[in-house]
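Please read the structure below before turning to the comments.
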Amino acid sequence: MLNPYLDIHPDVQQALSEGKPVVALESTIISHGMPYPENVETALRVEKAVRDNGAIPATIAILKGRLKVGLSEEEITYLGQQGQSAIKTSRRDIPFIVANKADGATTVASTMILANMAGIRVFATGGIGGVHRGAETSFDISADLEELAETKVAVVCAGIKSILDLGLTLEYLETKGVPVIGYGTETLPAFYTRESQFGVDYRIDSPELIAAALKAKWEMQLKGGAVIANPVPEEHALKNEEIDSVIDAAIAEMDAKGIKGKDSTPFLLAKVAEKTAGNSLKANIALVLNNAALAAKIAVAYCD
Ligand code: PSU
Ligand code: MN
């Protein structure tokens with residue numbers, strides 16, 4: 001590999017050299033998205049779900065300034081124990097984490113960048129960043145959306161968490177030419193819930209057809225990624241009433257405390273987790289596993 005900053009795990013490197021399917025996984029979800037020790041357990045189960053569905057997992061992070069594509073169990077545990085003290089690393093942060101030889105947990109945007117450096121095309125996570133509520137005055141729009149516009153990686157997620165403005169996020173993605181595919185659904189899932197009032201661009205029910213669309217997009221040199229929205233499994237979905245008031249209160253508290261910039265999303269994620277206790281964490285774990293399995297199937301189809 002020509003990139004002197006990049007360490008690709010040997011299992012991942014071997015799969016890539018042989019043209020076998022690989023699925024990228026992010027690490028902010030481990031450090032900032034879930035509490036320890038559930039975060040480590042989940043990260044390891046997610047890797048297993050990728051393997052069980054025929055692909056090789058590559059969890060991505062920055063450790064001691066090295067860009068890591070594929071982590072060992074020890075490295076995942078280390079990152080999980082750091083929790084919120086790991087540095088949340090998006091596109092703008094990468095070179096500084098590297099220069100400082102620091103540890104960085106990668107967001108969707110930076111995970112896409114590192115996956116692309118390694119040549120990985122499919123990525124599974126829980127939820128992506130988006131346009132925040134009130135963005136018309138705060139300008140808070142996640143760098144994830146810009147990355148989806150630029151970088152050739154497909155992101156499998158459970159839709160968009162309603163800490164965000166779903167409608168504005170869809171408008172932004174449309175402007176940037178990023179397709180939003182609903183896997184087996186006509187409406188955009190909202191992370192904890194299977195449905196929202198918004199439609200997806202394309203409903204596709206087969207991983208093979210999703211892979212074919214991605215291949216067509218990239219073979220004709222269209223830049224950018226795709227969002228594949230996979231609803232949370234029915235038995236773990238929460239009720240709107242359960243989650244809406246919690247999110248509204250979390251946003252009010254965030255505004256009152258003047259929290260903004262890169263701290264907004266972690267604050268909201270932590271508040272929602274705290275206020276909904278067990279059920280939201282169960283849903284979160286179930287949907288990430290479900291996304292890992294789908295991403296592996298898409299990666300397998302993409303390599304065929
Ligand atoms: N949304 C979620 N769960 C998450 C995140 C977002 O439902 O874990 C994390 C992801 O790592 C995502 C990041 O890339 O937050 C977005 O942060 P920001 O809004 O600051 O760009
Ligand atoms: Mn932001």
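No lab work stands behind these numbers, since they all come straight from the coordinates. Everything numeric in this text was worked out from a predicted model, so none of it was measured. Reconstructed Cβ throughout: ideal geometry from the backbone, glycine too, with neighbour counts over all protein chains shown.
Using the Cβ-Cβ distance between Asp244 and Glu219 with R0 set to 30 Å, the FRET efficiency from 1/(1 + (r/R0)^6) comes to roughly 0.10. Once backbone amide H atoms are built at 1.01 Å from N, Gly182 has Asp201, Tyr202, Arg203, Ile204, Ala229 as its partners under 5 Å, excluding neighbours fewer than 5 places away on the same chain.
The lysines within cross-link reach of Lys239, meaning a Cα-to-Cα straight distance under 21 Å and a gap of 8 or more places when in the same chain, are Lys161, Lys271, Lys275, Lys282. Taking 0.36 nm per residue of separation and subtracting the Cα-Cα distance, full extension of the segment from Lys20 to Lys101 would add 26.0 nm. Each peptide among 158-168, 195-205 gets the average number of other Cβ atoms lying within 10 Å of its residues, and from highest to lowest they stand as 158-168, 195-205. Highest average first, the peptides 32-40, 55-63 ordered by how many other beta carbon atoms sit within 10 Å of their residues are 55-63, 32-40. Pairs of lysines in segment 1-113 whose Cα atoms sit within less than 16 Å of one another amount to 5, provided the residues are eight or more positions apart or on different chains. Once the chain from Arg51 to Arg203 is taken as fully extended at 0.36 nm per residue, the excess over their C-alpha distance is 52.1 nm.
For the chain, hydrophobic long helices are taken as DSSP H runs at least 27 Å long by C-alpha position along their axis with mean Kyte-Doolittle hydropathy of -1.0 or more; these are 264-303.
To the nearest 0.05, how large is the calculated FRET efficiency for Ser72 and Lys275 if R₀ is 45 Å and r is the Cβ-Cβ distance? The value I calculate is 0.85. Dividing the mean sequence gap of close Cα pairs (under 8 Å, 6+ apart) by how many residues the chain holds gives a relative contact order of 21 percent.
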